[in-house]
Structures are given as structure tokens and as C-alpha cells.
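One structure is given below, encoded as C-alpha cells.
Please treat every number below as a calculation from the coordinates, not as lab data. Computed from a predicted model, the values in this text were never measured in an experiment. Neighbour counts are summed over all protein chains in view; Cβ atoms, including those assigned to glycine, are modelled from backbone coordinates with ideal geometry.
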Amino acid sequence: VHIAPGCGDIDHKMGVSLGLPVIAPLKDDGTYADCFGDFAGREAIAPETAELVFEKLKAKGLLVAVETYPHIYPHCWRTGDELVFRLVDEWFINMDWRDEIKDVTRQIRWLPDSIDGQNREVEWLSNMGDWMISKKRFWGLALPIWVDEETGDFEVIGSLKELKERAVEGWDELEGNTPH
């Protein structure tokens, strides 16, 4: 069993709690970043990559044992492809207002009655974490947020009108990002 703080939610939380350095080893395409020596450019889920890990650990005297055991890894619900965890920056909305939302669900008439919508919604709200509004996927919504690389300050554009007024160029070419 290993811990990889840059490659999984639980591993990341454990790493942070232990004060381990935050390392994001994978690029957008699921291959190792160029700064990872013999691993650079290798696909994270390729069997050859796992073999190289074993070789490197063995060479350093750090390999305790290798054995096969059943392990369920997440897959894309659309394509069935195996998913790889990556440490990335995202935007979240703090959900400390979930109790107010639960109150609103009591005012809604949920149809059809058979789905028990109000209870399902309250259960979902009770169990969710903060709401991630950014998505790293083609069909995700583009967030109108610009970050100043030097200062880290960010600015949110509030409307199409404001975007058009502030656009330096390219407004006439704006089509959005939709697969439809």
C-alpha cells in the first residue's frame, strides 16, 4: 500500500495532515510531467510504468513486497475509461448556506410524487461537500474569471455586456464552448 498525495483525494488529505509536500506529477493528458526523470512522458496507468516503479523501489531497497489484490478504480460513466486522479486547482462555492436551501425544498412541489424529490434533495445537500463549479472537461461551463499571474488577484466578469465592454479583441469570434 502506498500514499500518493498528488494522485487521490484521501491520499492528498493524508499528505496535508502529515505536512508532506504537495506534488502534482501528472499533466493534463495523464502522463508524468517532464521533471520526473525516467517517468517523464509515461502514461500513469500503463503497466510498464508500474513495472518501472517496482524497479526503482527495488534498486533503492525500498520495495517490501509485490502482490496482486483486487482493487476497484473509478471509471468514466460516459466512456468506461479508467480515470486518473490529478491534483488541480478548482473553484468552489462554500456550502455553509445549505440549511437555507433545505428550507426552500419544502416549498417546492416535487413531481412525480414517486421520486420523493424533497427527501432526495435534502439527503444530497446533507452529504455534499463544498460545491465545485469549475470543470476540467470540454462540456464544462467557462467561468468568466481572469487571474493576474503576477499578483494572484482575480476579477469576475458579471455579464455579457461587461465582457463585451472589457474585451480587447476577439469578441466577434466568441462562440462559447459547446459540443452541440
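Worth pointing out:
- Linear extension gain, Ile10 paired with His71, 0.36 nm per residue minus alpha-carbon span: 20.4 nm
- Computed from the C-beta positions of Glu173 and Lys135, the FRET efficiency with R₀ = 25 Å rounds to 0.65.
- Counting only Cβ charges, +1 for Lys and Arg and -1 for Asp and Glu, the dipole size of the stretch 92-132 around its Cα centre is about 120 debye.
- Label point distance in nm, Glu100-Leu143, each placed 7 Å from Cα along Cα→Cβ: 2.0
- Charge dipole (the chain, unit charges on Cβ, about Cα centre) - positive-most of Ala40, Leu111, Ser134: Leu111
- For the stretch 62-77 and the stretch 82-139, distance of Cα centres in Å: 30
- Highest average packing first - 52-61, 67-76, Cβ atoms within 10 Å: 52-61, 67-76
- Filtered chymotrypsin sites (Phe, Trp or Tyr not before Pro), the stretch 100-158: DSSP coil and at most 11 other beta carbons within 10 Å: Phe138, Trp139
- Tensor-based shape of the stretch 1-88 (alpha-carbon gyration tensor, a/c under 1.5 rounded, otherwise prolate or oblate): rounded
- Amide H to amide H distances under 5 Å link Ala40 with no residue, where only residues 5 or more positions off or on other chains count and H is placed in the peptide plane.
- Whole-number D in µm² s⁻¹ for the chain, Kirkwood Cα-pair radius fed into Stokes-Einstein, 4 °C, 1.567 mPa s: 61
- Cα gyration tensor shape of the stretch 92-132, rounded if a/c is under 1.5, else prolate or oblate by comparing a/b with b/c: prolate
- Computed Kirkwood radius, in angstrom, where 1/r is averaged over Cα pairs of the stretch 74-143: 15.0
- Approximate spin-label separation Ser159-Ala50, in nm, with each point projected 7 Å along Cα-to-Cβ: 5.5
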